Amino acid sequence: MSGFARSAVSYAMPLAALAVAIAVRASGLSVDQGSINMRILVGAISSAIMFITIFVVLDHAESVARRVGEPYGTLVLTIAVTAIEVSIIVSMMLHGENNPTLARESVFSTVMITSTGVVGVCLTFGGWRHRTQAIVRQGTSAYLAVLIALTVMTLVLPTYTQATGPGTFSAAQLGFVSVLSVLLYAGFLFAQTVRHRDDFIEGQAHGVSTRAAPHESILAGVLLLVVGLIGIVMLAEQVAASIEDALVAYQVTQSDAIVGALIAGLVLMPESVSAVRAALNNELQRGLNVAMGSACATIGLTIPVVAAASLLTGRGLTLGIPATDTVLLVLALFISSVSFSNERTTFLTGMVHLVVFFTYVFLIFVP
């Protein structure tokens, strides 16, 4: 694609996504109106537009990130991705019948994909190209500490509480854990951007340009980023409805694990490309910041939003993961702790993560 065409798409898609979302709502083809075939068709078109817009929006986010520098740039990417994922999960939660485990599966999938899949690819290909790569142990340790605390509190603890049934929190417990998640993530952001900023930016390759493309100002990048996110959030309702309607129409038994993995994979794909690209450019710490930051933000921000939606609407929410997923989660976190216990990584380190990732994918279809 030529530079002019790429620039035209980058400016047009956020506006197009917002325009299509508004047009669909104004036309009367909302998620609960029209024939099921028409709703599926509208949802398919919305999915295609949203998919392209996600890439374009994150391209703008990366452009802004390059201008503001690290670690603020990584935060821009992380917040953008989390906003997209939250909108899709909440839309699917509120559409149709109550689906109490969807949020759990999506969050669990995000943690597994980032901590084993994305990190594994970064370490494997980065290590293969550069033999060894340096990381900042203080920064990765901070990510892991926050991630371990958040995952155990929100995905493992509900299975063992006694106030309600297995896998669920009472209203008081859900509110308490949600507040703690937000506070912990806020504390992590303060450490990352203010108090211990150097722990997350050292060890990156020198000589890599940190400027955005000259054709786009930071103001234009921010505006297009915001417009694109609004469009994606509005389209997410149509996409969520079309997925469930298609499963019902074609008599496919819905599997929350598969749907959760699809949501996480779709949302994380552009950011995963950014992380792998950074690793190949010998900016491994930046790649890890993107990958691990997504996992932390997903739990620290998504769980509280989903919990609030559950409490306000009265829809049940099951967060506790089953025994098999618990084993995989503990294994992924333990391997991450070992992998980042020193300041250098190799391709072998990445292969270990990928083995766990492939096991996770296999068990989705053959539990």
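The numbers here are math on the coordinates, done by the rules we state, and not lab data. Note that the coordinates shown come from a computational prediction; the quantities given were computed from them, not determined experimentally. FYI the Cβ positions are ideal-geometry reconstructions off the backbone, even for glycines, and counts take in every protein chain you see.
Peptides 309-318, 78-87, 147-156, 358-367: what's the order by average Cβ count within 10 Å, highest mean first? Let's see the in-between values first.
Numbers: 309-318: 15.7, 78-87: 23.6, 147-156: 20.6, 358-367: 13.3.
Order by mean packing, descending: 78-87, 147-156, 309-318, 358-367.
Mind running the shape call on segment 250-367? Use the C-alpha gyration tensor, a ≥ b ≥ c as the square roots of the eigenvalues: rounded below 1.5 for a/c, prolate if a/b tops b/c, oblate otherwise.
Working: a/c = 1.86, a/b = 1.57, b/c = 1.19.
Prolate is the answer for segment 250-367, as a/c is 1.5 or above and a/b outweighs b/c.
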Next item on the list: Could you grab the relative contact order for segment 258-333? Cα pairs under 8 Å, six or more apart, rounded to a whole percent.
Entry: 15 percent
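Once you sort the root eigenvalues of the Cα gyration tensor of segment 262-312 as a ≥ b ≥ c, which label holds: rounded (a/c under 1.5), prolate (a/b larger than b/c) or oblate (the other case)? All intermediate terms of the calculation are to be shown ahead of the outcome.
Working: a/c = 6.02, a/b = 2.36, b/c = 2.55.
Oblate shape, in that a/c is at least 1.5 and b/c is the bigger or equal ratio.
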Note to self: Let's test the formula: R0 of 41 Å, r as the Cβ-Cβ distance of Ser337 and Ile22. What FRET efficiency results, to the nearest 0.05?
What the structure shows: 0.30
Margin query: Under a crude label model (7 Å from the Cα following the beta-carbon direction), how far is Ala163 from Phe358 in nanometres?
Written below: 4.3 nm
